[in-house]
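Please read the structure below before turning to the comments.
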There are 2 protein chains.
Amino acid sequence: MSPEEPDEARSTRPPRLSRQRIVDAGLASIEAHGVDQMTMRSLGRDLGVEAMALYRYVSGREDLLEAVVESLLDGLIKRVEAAETTSWQEYLQHVAHEIRHMALAHPTAFPLVVSRHPAAPWLRPPLRDIAMVEHLLATLCERGFSDDQAVDTYKAFTSFLVGSLLLEVSTKTENVAAVEEPMNEGSADIPEQDTVEDVDLGQAPHVVRMRDRLSQDHSEAEFETGLESLLNRIENTVSH
Amino acid sequence: MSPEEPDEARSTRPPRLSRQRIVDAGLASIEAHGVDQMTMRSLGRDLGVEAMALYRYVSGREDLLEAVVESLLDGLIKRVEAAETTSWQEYLQHVAHEIRHMALAHPTAFPLVVSRHPAAPWLRPPLRDIAMVEHLLATLCERGFSDDQAVDTYKAFTSFLVGSLLLEVSTKTENVAAVEEPMNEGSADIPEQDTVEDVDLGQAPHVVRMRDRLSQDHSEAEFETGLESLLNRIENTVSH
DNA sequence: ACCTGAACACCGTTCAAGT
DNA sequence: ACCTGAACACCGTTCAAGT
C-alpha cells in the first residue's frame, strides 16, 4: 500500500481500461445483477468511463459475453494437469469437481456457458474449448479407450454435467434480477395469493406432502451419486 | 374453404387478437428467427397490429415468454394418462419420450423451458408445472415408491432430461439468428480463417482424428442408453 | 492513443385518445 | 371493447471530434 504505487489499487479512479478489466467487471456485474442488467452503458459506468470506450477492447456485447464465458474456463486445464490423476476415473472425477466448483462460484453466469453456441458444433458445454476437449480425449486414449469410447464418454460426461449443474445453480440464484409481480386486474373480492403456493396446490396432495423434501438441498450427494453411476456405466462398456 | 367462414382462415387479415393467437405467433417467431428477434414490435407486425395492442392480452414480454413455455407443456399430462402405462419404468419412459418429442419439435424454444425460473423454487425444468409433478409423484407412490425415493427420482429424472435434451437441440439449432462475423482489424497479410477449424487445431491431434466421430449424431441411441441406465439405477435403490 | 458527444435505429412500456 | 399515436426511458453501435 505504498503511495509510490501507480494508483493501481485506488478505488476512486481505476488505472486504465483493458480487455481483462472489462471482462472481469462484466462477470462481476452479471453475478451482482443478472445478465440482462449487464449493459454496455452500465458497465461503462462501473468502470468510470463512457460505454463507447469499451468498443476499443471488445467488438460488441456478444464478444464480451463470449469472453466472460472463456474466462470462466480459464486455468481449468492447468489445474487438472497439476492434479496428476492416475486412473481415468480419478481424472473425470477431478474435472467434474472443478467444473462444479466453477458453477457454484458463478451461479448466475454459468447458464451462459451452457446456452451460448460454442465455436464449433461438435463442442459441447460446459467443456467447450478445443484445448480442454483435446486434453480429455488424449487422457482417455492413454488409459486404453478406443476413439469411439472416448467420444461416447465425452458426450455422456458433458450431458451429465449440464443436467446436474444447471439445475443446481438454478435453485441457488432464484432471481438475481428481481421480478416485480405485475398486478392482475382481476376482481377485487378475490384476496391476494402470495405465489403459486396456494393456487393449484389444493389439487396436488402429493406435492404438498413432499414439499419439504422437494425443497431440501442434497445436490452435492446427488452429484456424487450420479457421477459414480456414470463412471460405472462407462467402465462396463469399456471392458466388455 | 367456403366463403361463409368468418374470414377465420384468411391469411391476409387474421380474425382477431387473443392470448392464444399471440402465444402461438410468439412460438412460431421464436422458432423462425430466435428468441432475441421475437420482439413485441415484430410480433405485432406478424399479427397485423401495433405492438401496443398486445398488452391487452399479455402483461409484457416476460409474461408472453412464460406463456410460450407453458404452451409447450400443454397436453403432456393428458397424453401420458392416455398411454395407461403399467410399470413405473414404462411410465417414466413414456414421459421422457414425450418431452424429447417436444424438444425436437421446438429446438429453439426448448432452452427457454430450461432456463426460465419456474414459479416455485422446488420445481425443476423441464417438468416445471405443479400438475405434472403431482402426476409423476403420485404415479411413483402408487407403484410402491417411498416419498424420499419419489423425490430423488424426480430430481435425477429431470437432471437427465435437461442434460441430454439441451445438448441435443443445441447441435440442431446451431444459430437460428445468424451471427455476422465481425471483421477483425488485424494485419491484412494474414489470410482469412474460416472458423475455429484451422486456428487451434494444430495443437489438437486427437480432436482432429475424432472430428468425424464428434460430429456424428447418435443422440437417439445415447438418450435411450442413458435413460435405461437411469432406470436401472433407480430400480436398485428402490428394491434395496 | 485513448476516450467522448452526438446521433441513429432500435427496444419495452404507458397512457390518453380515437373508433 | 379494442386498437392506435405519441411519448418516455432506455438499449447497442458508429463515427467524427476532442485531448
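Coordinate-derived values only; no laboratory data. Keep in mind that this is a model prediction, so the values were computed, not measured. For neighbour counting, all protein chains shown are included, and Cβ atoms are generated from backbone atoms with ideal geometry for every residue, glycine included.
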Checklist entry - Out of residues 5 or more away from residue B:176 or on other chains, whose amide H comes under 5 Å of its own, with H placed 1.01 Å from N in the peptide plane? => result none
Checklist entry - Which ³J(HN,Hα) values in Hz, rounded to whole numbers, follow from the phi angles of segment A:73-88 under the Karplus curve 6.51 cos²θ - 1.76 cosθ + 1.60, where θ = phi - 60° and Gly and Pro get x? => result 8, 4, x, 4, 4, 4, 5, 5, 5, 4, 6, 6, 6, 9, 10, 5
Item to check | Burial ordering of A:39, A:158, fewest other beta-carbon atoms within 10 Å first | outcome: A:39, A:158
Checklist outcome for this item: Calc'd 3J(HN,Hα), segment A:20-34, phi into Karplus 6.51 cos²θ - 1.76 cosθ + 1.60 (θ = phi - 60°), Hz, glycine/Pro = x, comes to 4, 4, 5, 4, 4, 5, x, 4, 4, 5, 4, 5, 7, 10, x
Item to check | Residue order, fewest to most beta carbons within 10 Å, for A:220, B:31 | outcome: A:220, B:31
Checklist outcome for this item: The value for segment A:16-58 (convex hull of the alpha-carbon atoms, volume per residue, Å³) is 59 Å³
Checklist entry - Hey, fewest Cβ within 10 Å first, where do A:160, A:223 land in order? => result A:223, A:160
Checklist outcome for this item: In terms of the charge dipole of segment A:16-58, which places +1 on Lys and Arg and -1 on Asp and Glu at the beta carbon, the residue among A:42, A:32, A:53 farthest towards the positive end is A:53
